Amino acid sequence: MEKIASFQVDHTKFGVGMYISRIDGDIVTYDIRMVKPNGGFYISNPSLHTIEHIFATYARNSKFSENIIYVGPMGCRTGFYLLTRNMSHIDAINLVRDAYTYISEFEGEIPGCSPIECGNYLEHDIESAKKDVLPLLEKLKDYTPEMLDYAFHMK
């Protein structure tokens, strides 16, 4: 089988940040790295699950709801994929920044956190989620569309 695009990126050469993983027509896949790949620290499953619930709910309720195709965690537990359609890169950066700010300050019931709505509703950790979004949130403060290119960070 051919090696897929995401396995062709040298994961030892980039860290926390937001990147364009691929563009397929009008669909952009963003690689949202919350921790350094192979850096020895990974996001716990309960935290990742909580971030997924809040991030996906936030994105699908934002003014860009019609542009959101998918929000989901990476199996390696280093971040998320965000797939968008007909959305500018700066809007995607701002959406992630706003969503992660929202998560960092979140109070209340985690969306979709009941046995009726979720297949593993007991595995959540809001306190870890609030902490785990902070490194990316810090990194995105002055992020520009040029910084979405992996090569920008490998200089």
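The values are calculated or read from the model by the stated rules, or taken from the named source; none is laboratory data. Being a predicted model, the structure only gives us computed values, none of them experimental. Because the Cβ atoms are built from the backbone with ideal geometry, glycine has one as well, and the counts that use them run over all protein chains shown.
If you take the residues in the range 10-24 that are of a type in the set (A, V, I, L, M, F, W, C) and part of a strand (DSSP E or B), which one is surrounded by the fewest Cβ atoms within 10 Å (Cβ to Cβ)?
Among those that are of a type in the set (A, V, I, L, M, F, W, C) and part of a strand (DSSP E or B), it is ILE23.
Residue by residue through the range 50-81, note down the ones that are within 12 Å of the chain's Cα centre (by Cα), farther than 15 Å from THR101 by Cα and not in a loop (DSSP other than H, G, I, E, B).
TYR70, VAL71, GLY72, PRO73, GLY79, PHE80, TYR81
Of (1) within 27 Å of PHE106 (Cα to Cα); (2) in contact with a Lys or Arg (Cβ under 8 Å, 6 or more places away or on another chain); (3) at pLDDT 95 or above, ILE27 satisfies all except one. Which?
(1)
Please verify whether ALA92 is in contact (Cβ under 8 Å) with a residue 40 or more places away in the chain, over 22 Å from GLU146 (Cα atoms), touching a strand residue (DSSP E or B) at 6+ places or on another chain (Cβ under 7 Å) and in a helix (DSSP H, G or I), treating the condition exactly as stated.
no
Determine whether the range 95-106 contains at least one residue that is touching a residue at least 60 places away in the same chain (Cβ under 8 Å), part of a helix (DSSP H, G or I) and touching a strand residue (DSSP E or B) at 6+ places or on another chain (Cβ under 9 Å).
Taking every residue of the range 95-106 in turn, at least one turns out to be touching a residue at least 60 places away in the same chain (Cβ under 8 Å), part of a helix (DSSP H, G or I) and touching a strand residue (DSSP E or B) at 6+ places or on another chain (Cβ under 9 Å).
Which of the following residues is of a type in the set (A, V, I, L, M, F, W, C) and modelled with pLDDT of 95 or more: VAL71, VAL9?
VAL71
Output the number of residues of the range 120-143 satisfying the condition of being in contact (Cβ under 8 Å) with a residue 12 or more places away in the chain, in a loop (DSSP other than H, G, I, E, B), among the aliphatic types (A, V, I, L, M) and surrounded by fewer than 17 Cβ atoms within 10 Å (Cβ to Cβ).
0
Just a yes or no: is a residue in the range 8-21 closer than 14 Å to ASP132 by Cα and not β-branched (Val, Ile, Thr)?
Within the range 8-21 (the criterion being closer than 14 Å to ASP132 by Cα and not β-branched (Val, Ile, Thr)), the answer is yes, since at least one residue qualifies.
Out of (1) farther than 19 Å from HIS49 by Cα; (2) surrounded by fewer than 18 Cβ atoms within 10 Å (Cβ to Cβ); (3) more than 13 Å from the chain's Cα centre (by Cα); (4) of a type outside the set (A, V, I, L, M), what's the single condition that is false for ASN94?
Looking at each condition in turn, ASN94 falls short on (3).
If a residue has to be touching a strand residue (DSSP E or B) at 6+ places or on another chain (Cβ under 9 Å) and either of a type in the set (Lys, Arg) or in a loop (DSSP other than H, G, I, E, B) (or both) to count, how many in the range 25-36 make the cut?
Looking only at that region, the number is 5.
Given the residues GLU117, GLU146, which is the only one that is among the acidic types (Asp, Glu), assigned to a loop (DSSP other than H, G, I, E, B) and more than 14 Å from the chain's Cα centre (by Cα)?
Matching residue, one of GLU117, GLU146: GLU117.
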